[in-house]
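Student: One structure coming up, written as structure tokens, with questions to follow.
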Amino acid sequence: MTAKLKHSVTFLPLQDSRFRETATTGHTWFMSSLNDTREENEAEYLYFPSKASKGRLLCFKGRDMKDGTKNSYALAWRESLPDSAILLEGLTFVSYTYYDHTNLWHGLCAVAPFVRWSMKNECLRPERWVLFHWGELRLRMGSWIQQLLQTNFGEVKVEGFDRGDNVPYCFEKAVVMRHEMSQMGQENKLKTFNLLRCKARSYCGINPAGKGREINERGFPIIRLTLLMRRGSRSFKNATVVTDIFSKECARVEGCILHVVQSDDLSFCDQVKVLTNTDIVASPHGAQLTNMLFMDRESSVMEFFPKGWLENAGVGQYAHHWMADQSGMKHQGAWWDPIGKDCPSPQDHLQCFLFHKDGMVGHNETYFAEWARRVIDQVRLSKVGQPSEDQAKQQHDSKACIC
């Protein structure tokens, strides 16, 4: 019977091309024959072995990095694994994303559900990660994502299935996430990002205690405004002028301190430190804005776009609006540059987006000054009444690092 069960194990393509058109909006094309476990306000997931899998383990075969249909999956009982199968012991996290594990924003969306699952399950830590994009194996995640996960889980090992291209690998225990945070409730998103913020600060040796009560020598609350700059695409055309505008508005309010930093000059812990000590971050649209995660909740975000994004970028341009909402920040709006070269084929939105995607950001001195003044004043007023709330905030923060 065991031999029959071994031979009856059927491997199916990881990427089911029948569902290509609905891969992001309907039926998933990754491990398409299996249905997720759904719990109220939680990310959908698959767990193996489970009652749903009839006690069977998850197995993968193939390590193709260009064609997900050449990689496959199957379910098998531990006593009757396929011939030559390698059993990987311990817990494995299997992360599928339609997008990219190296990008800060997309990578965070892909891995955050595993953090939440761990929080609900006695803070379990994985022995390894398996990464897929369109069913294609990926051997690494971005360094920022890897270090963020390291703050919570310890060493992060990405499995490469490098003991043979056609050898089945089966997992003693596995959690699979295929839909990122789509079904996770707002309160659970906040809890997840609270934990990651707390863990990152602890990992980097940063103690934020008392930051909300900071005052200068004249008794005015400290307001820390950070211009988080980029180089190259979507950087400011004239960063000096933009800095001067924000500097003048900051100088108008006693206690306001302006910091100007280049995001690509900062290590992971430098980013955590800078954003921990930021009440308002102003930055062009880009992955560096994902660092808002490390600010205190209720901090403010100001975002800038090149010409052409508003008309052609679609909903993706609102990623950091969503990020602010998920992490408890206040997105104070965005500015889209109206000046620049016109798209040569205005009827083709995709071509126009690609034409404008990596453009640079200009400035509007009057608008920027009024906008900065309004946000700084809001933060100043909120800080006047903050000391009475600070003790409750510290108690909240102390509970965030539950794992």
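Student: Looking at region 1-184, I'd like the Rg to Rh ratio, where Rg is from alpha-carbon atoms and Rh is Kirkwood's inverse mean 1/r.
Tutor: Ratio of gyration radius to Kirkwood radius: 0.94.
Student: What is the projected area of the convex hull of the Cα atoms of region 223-396, averaged over all directions, in nm²?
Tutor: Quarter of the Cα hull surface area: 10.3 nm².
Student: At what distance in nm do the modelled label points of residue 162 and residue 269 sit from each other, each positioned 7 Å from its Cα along Cα→Cβ?
Tutor: Each label point is offset 7 Å from its Cα along the Cβ direction, giving 2.8 nm.
Student: Among all the lysines, which ones have a C-alpha under 23 Å from residue 70's C-alpha, if same-chain residues fewer than 8 places away are not counted?
Tutor: 6, 61
Student: Kindly provide the helix-only [θ] at 222 nm of the chain, computed as the sum of -39,500 (n - 2.57) over DSSP H runs of four or more divided by all residues, to the nearest 500 deg cm²/dmol?
Tutor: -10000 deg cm²/dmol
Student: Only sites in a loop by DSSP and with at most 16 other Cβ atoms within 10 Å count here; which trypsin sites (Lys or Arg not before Pro) in region 144-234 make the cut?
Tutor: Answer in residue order: 157, 163, 218, 231.
Student: Then there is this: Give, to the nearest whole percent, the P(r) tail of region 72-160 beyond 17 angstrom, counting all Cα pairs.
Tutor: 51
Student: So, one more: Viscosity 0.692 mPa s, temperature 37 °C: give me the Stokes-Einstein translational D for region 179-298 in µm²/s, with Rh taken as the Kirkwood radius over C-alpha pairs.
Tutor: 207
Student: Next question, about the same structure. So for the chain, averaging the separation of alpha carbon pairs under 8 Å that are six or more residues apart and normalising by length, what relative contact order in percent results?
Tutor: 15
Student: Tell me the Kirkwood hydrodynamic radius of the chain in angstroms, computed as one over the mean inverse distance between distinct C-alpha pairs.
Tutor: Value: 23.2 Å, from the Cα pair sum.
Student: Continuing with the same structure: Determine, for each peptide in 341-347, 287-293, 140-146, the mean count of other beta carbons within 10 angstrom over its residues, then list the peptides with the highest first.
Tutor: Per-residue mean Cβ counts within 10 Å order the peptides as 287-293, 140-146, 341-347.
Student: With label points built 7 Å along Cα→Cβ from the Cα atoms of residue 401 and residue 354, find their separation and express it in nm.
Tutor: 4.8
Student: Please work out the Cα center distance from region 75-112 to region 344-386, rounded to the nearest Å.
Tutor: What the calculation gives is 39 Å, centre to centre.
Student: Okay, next question. On a straight-distance basis, which lysines could pair with residue 191 in a cross-link, Cα separation under 29 angstrom, same-chain partners fewer than 8 positions away excluded?
Tutor: 51, 120, 157, 173, 199, 211, 273, 330, 383, 393, 399
Student: Which percent of the accessible area of the chain is formed by carbon and sulfur heavy atoms (probe 1.4 angstrom)?
Tutor: 48
Student: Mind ranking 94-105, 322-333 by how tightly packed they are, going by the mean number of other C-beta atoms within 10 angstrom, highest first?
Tutor: 94-105, 322-333
Student: Mind checking the per residue accessible area of the chain for me, 1.4 Å probe, whole number of Å²?
Tutor: The answer is 47 Å² per residue.
The values are calculated or read from the model by the stated rules, or taken from the named source; none is laboratory data. Predicted model only: the values in this text are computed from it and were never measured. Heads up, the Cβs are rebuilt from the backbone with ideal geometry, glycines too, and the neighbour counts pull from every protein chain shown. What goes into the accessible areas is simple: the full protein's heavy atoms, side chains included, and nothing from ligands, DNA or RNA. Shrake-Rupley method; radii C 1.70, N 1.55, O 1.52, S 1.80 Å.
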